[in-house]
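Participant: Let me give you the structure first, and then I'll get to my questions.
Each value in this text was obtained by applying a stated rule to the coordinates, not by laboratory testing. All values reported here derive from a predicted model rather than from experimental measurement. Here the Cβ is made from the backbone with ideal geometry for all residues, glycine too, and neighbour counts use every protein chain on show.
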Amino acid sequence: MTLNTLAAALGADGVSRRYGATQALDGVNLRLERGITGLLGPNGAGKTTLLSILATVNEPDSGRVSAFGLDPRNAAERLEIRRRLGYLPQELGYHRHFTVAAFLDYVAILKEITDRRQRADEVARVLAAIGLEGRASTRIRALSGGMRQRLGIAQALLGQPELLILDEPTAGLDPEQRLRFRELLSDLPGEPVIVLSTHQADDIAAICPQVAVLLRGRVRFTGTPAELAATAAGRVWAADERDQGAHLSWRGTDGRWRHIGGQPPASADQVAPTVEDGYLVLSHAAGAQ
Ligand SMILES: Nc1ncnc2c1ncn2[C@@H]1O[C@H](COP(=O)(O)OP(=O)(O)OP(=O)(O)O)[C@@H](O)[C@H]1O
Ligand SMILES: [Mg+2]
């Protein structure tokens, strides 16, 4: 492992993972500092695989990861990472007969919050943070999908972890809850290391000072959202008609066609690129390889 990666709060060095014939991760290098990093990538890019390895519930075939200079291959260091970790898996298996409060209490016990009173306070804190305080005694099976997702976020927040790994936390959240989630993450005390995956480029633009793009098991971009948007500079244009020469075209809410391509026509009405445009240019380029 390079010195640079070791020094990072969270690092991956040459991480590869294969499932049968599928190369899910193919030599991932990443170093993340404190603050929020967004991970963007299409379905099957390897986001969940990478996050599960960073969360120490999965292991790479080759390469290394580290968190706070600790090595998860060492049992004692792995335990230390887990003590500092809050993890929202993409699919959290719930005990559906549990009530919301009983489930959180159970997770809090697993997180070694042994004092009953302290545990009750902590459960109340995360319930309020995620707006589920009115549902404390509802059984999990009776929650809506979005409420269940918020419960998943709440359990990750228990114990104020220094490392938060959230796999698609905003999936299934309504617009108001997404805004509330963004505010919640931005206001967490103690400057934790947060890495979250999402398909929403506007989540990235709104709350992630850093973004990494994962395509076909490789990190193809790391930088700020503005830098990601800039990768599409000069390659986004609008027109009244669909341009067959573009790589991607869609009709905007104003009824005009928006295009992304290698070279806009000379007369094109060029548009300032967004984070999503930058991401689409990168993924199109990776797909064409
Ligand atoms: N347990 C598994 N067994 C076999 N193949 C797997 C397994 N987990 C993931 N894969 C494969 O590895 C690749 C990466 O999957 P992964 O779930 O990491 O992608 P992802 O970026 O999280 O996708 P999504 O956006 O759909 O959640 C895919 O081709 C997937 O089919
Ligand atoms: Mg996934």
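Participant: Kindly identify segment 24-93 as rounded, prolate or oblate by the Cα gyration tensor criterion: order the square roots of the eigenvalues as a ≥ b ≥ c, call it rounded if a/c is under 1.5, otherwise compare a/b with b/c, prolate if a/b is larger, else oblate. Don't skip to the answer; put the middle values down first.
Facilitator: On the way: a/c = 1.45, a/b = 1.34, b/c = 1.08.
Because its axes are fairly even, with a/c under 1.5, segment 24-93 counts as rounded.
Participant: Continuing with the same structure: Under a Cβ-Cβ cut-off of 9 Å, what is the net charge of the residues other than residue 11 that fall near it, where Lys and Arg count +1 and Asp and Glu count -1?
Facilitator: +1
Participant: Under a point-charge model restricted to the Cβ atoms of Lys and Arg (+1) and Asp and Glu (-1), what is the dipole moment magnitude of the chain relative to its Cα centre, in debye to the nearest 20?
Facilitator: Rounded to the nearest 20 debye, it is 800 debye.
Participant: Treat the count of other C-beta atoms within 10 Å as a stand-in for reagent exposure and order 66, 137 from fewest to most.
Facilitator: In order of increasing Cβ crowding within 10 Å: 137, 66.
Participant: Calculate, for residue 34 and residue 272, the FRET efficiency according to 1/(1 + (r/R0)^6) with r their C-beta to C-beta distance and R0 30 Å; round to the nearest 0.05.
Facilitator: The calculated FRET efficiency here is 0.50.
Participant: Next up: Could you give the Stokes-Einstein D for the chain in µm² per second, using the C-alpha Kirkwood radius, 20 °C, 1.002 mPa s?
Facilitator: In µm²/s, the coefficient is 105.
Participant: A further question on this structure: Can you check what the net charge comes to around residue 130, using other residues whose Cβ is under 11 Å from the Cβ of residue 130 (Lys, Arg +1; Asp, Glu -1)?
Facilitator: +3
Participant: Return the percentage of antiparallel bridges among DSSP beta bridges fully within the chain, rounded to the nearest 5 %.
Facilitator: In the chain, DSSP labels about 60 percent of beta bridges as antiparallel.
Participant: Mind checking which helices in the chain clear 27 Å along their axis (Cα) and have mean Kyte-Doolittle hydropathy of 0.5 or more, DSSP H runs only?
Facilitator: Result, helices passing both filters: zero.
Participant: Determine the sum of side-chain charges near residue 47: Lys and Arg each +1, Asp and Glu each -1, restricted to other residues whose C-beta is under 9 angstrom from that of residue 47.
Facilitator: -2
Participant: May I pose another question? Which of the listed residues, 130, 102, 39, is farthest toward the dipole's positive end in the chain, when Lys, Arg count +1 and Asp, Glu count -1 at the beta-carbon?
Facilitator: About the Cα centre, the residue reaching furthest to the positive side is 102.
Participant: To the nearest 20 debye, what charge dipole does segment 229-288 have about its Cα centre, counting +1 at the Cβ of each Lys and Arg and -1 at the Cβ of each Asp and Glu?
Facilitator: Values: 5 positive and 7 negative charges, 21 e Å.
Dipole about the Cα centre, nearest 20: 100 debye.
Participant: Okay, moving on. Amide H neighbours of residue 34 under 5 Å, counting only residues 5+ apart in sequence or on other chains, H built in-plane at 1.01 Å?
Facilitator: Amide H to amide H, under 5 Å and 5 or more residues apart or across chains, residue 34 pairs with 9.
Participant: A further question on this structure: Gaussian network model of the chain, Cα springs within a sub-10 Å range: biggest mean-square fluctuation belongs to which of 75, 233, 128?
Facilitator: For the chain, modelled as a Gaussian network with Cα springs under 10 Å, the answer is 75.
Participant: Moving on. Which of 272, 232, 212 moves most in a GNM of the chain, Cα contacts under 10 Å?
Facilitator: Looking only at 272, 232, 212, the largest GNM fluctuation is found for 272.
Participant: Which of the peptides 253-261, 81-89, 168-176 is most tightly packed, and how do the rest follow, going by the mean number of other Cβ atoms within 10 Å of each residue?
Facilitator: 81-89, 168-176, 253-261
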